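Reviewing the structure listed below.
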């Protein structure tokens with residue numbers, strides 16, 4: 001393994017689950033591949049309807065949006081901290097999100113990443129839905 005690859009692997013080990021999910025999504029979009037293809041291999045997209053689109057075939061939804069629906073006043077600061085952490089927004093932008101609910105704060109996440117974000121926000125006191 002080259003030093004460059006070794007360095008990249010070391011960096012990847014430091015990612016949180018949410019960051020790893022965002023990385024996979026960015027790689028899929030950048031290189032037009034599907035990381036969920038069978039056999040653990042990334043497959044080139046065949047065009048047409050994406051796996052996240054609902055179709056008559058009854059395909060399971062693979063992309064989720066996290067919607068911050070309600071922020072109790074007494075939990076606003078703790079929720080603001082979580083919103084900043086999961087969205088990487090600045091203080092001003094995160095405050096605007098928290099004060100203007102309902103608001104979708106993340107889009108196109110995997111089910112696991114969306115559920116992790118939902119749990120973090122709910123633990124802080126927010127009312128959250130996955131769409």
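The values are calculated or read from the model by the stated rules, or taken from the named source; none is laboratory data. Keep in mind that this is a model prediction, so the values were computed, not measured. Glycine also receives a Cβ, built like all others from the backbone with ideal geometry; neighbour counts cover every protein chain displayed.
Considering only segment 58-74, how many residues are touching a helix residue (DSSP H, G or I) at 6+ places or on another chain (Cβ under 6 Å) and more than 19 Å from residue 113 (Cα to Cα)?
Within segment 58-74, residues that are touching a helix residue (DSSP H, G or I) at 6+ places or on another chain (Cβ under 6 Å) and more than 19 Å from residue 113 (Cα to Cα) number 1.
Tally up the residues in segment 79-120 that are without any contact (Cβ under 8 Å) to a residue 60 or more places away in the chain, under 25 Å from residue 60 (Cα atoms) and not in a strand (DSSP E or B), please.
6
Looking only at segment 91-128, count every residue that is surrounded by 14 or more Cβ atoms within 10 Å (Cβ to Cβ) and in contact with a helix residue (DSSP H, G or I) (Cβ under 8 Å, 6 or more places away or on another chain) and tell me the total.
19
Going by the conditions given, is residue 60 more than 30 Å from residue 125 (Cβ to Cβ) and modelled with pLDDT of 85 or more?
no
State which residue is modelled with the highest pLDDT when the search covers only segment 33-44 and only residues that are in a loop (DSSP other than H, G, I, E, B) and surrounded by 11 or more Cβ atoms within 10 Å (Cβ to Cβ).
Here the answer is 35.
One line per residue, one yes/no per condition, for (1) within 18 Å of the chain's Cα centre (by Cα); (2) at positive phi:
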{"site": "95", "(1), (2)": "no, no"}
{"site": "108", "(1), (2)": "yes, yes"}
{"site": "121", "(1), (2)": "yes, no"}
{"site": "127", "(1), (2)": "yes, no"}
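Conditions (1) assigned to a loop (DSSP other than H, G, I, E, B); (2) closer than 21 Å to residue 113 by Cα; (3) at pLDDT 75 or above; (4) touching a helix residue (DSSP H, G or I) at 6+ places or on another chain (Cβ under 6 Å), marked per residue:
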position	(1), (2), (3), (4)
4	no, no, yes, no
15	yes, yes, yes, no
20	no, yes, yes, no
23	no, yes, yes, no
46	yes, no, no, no
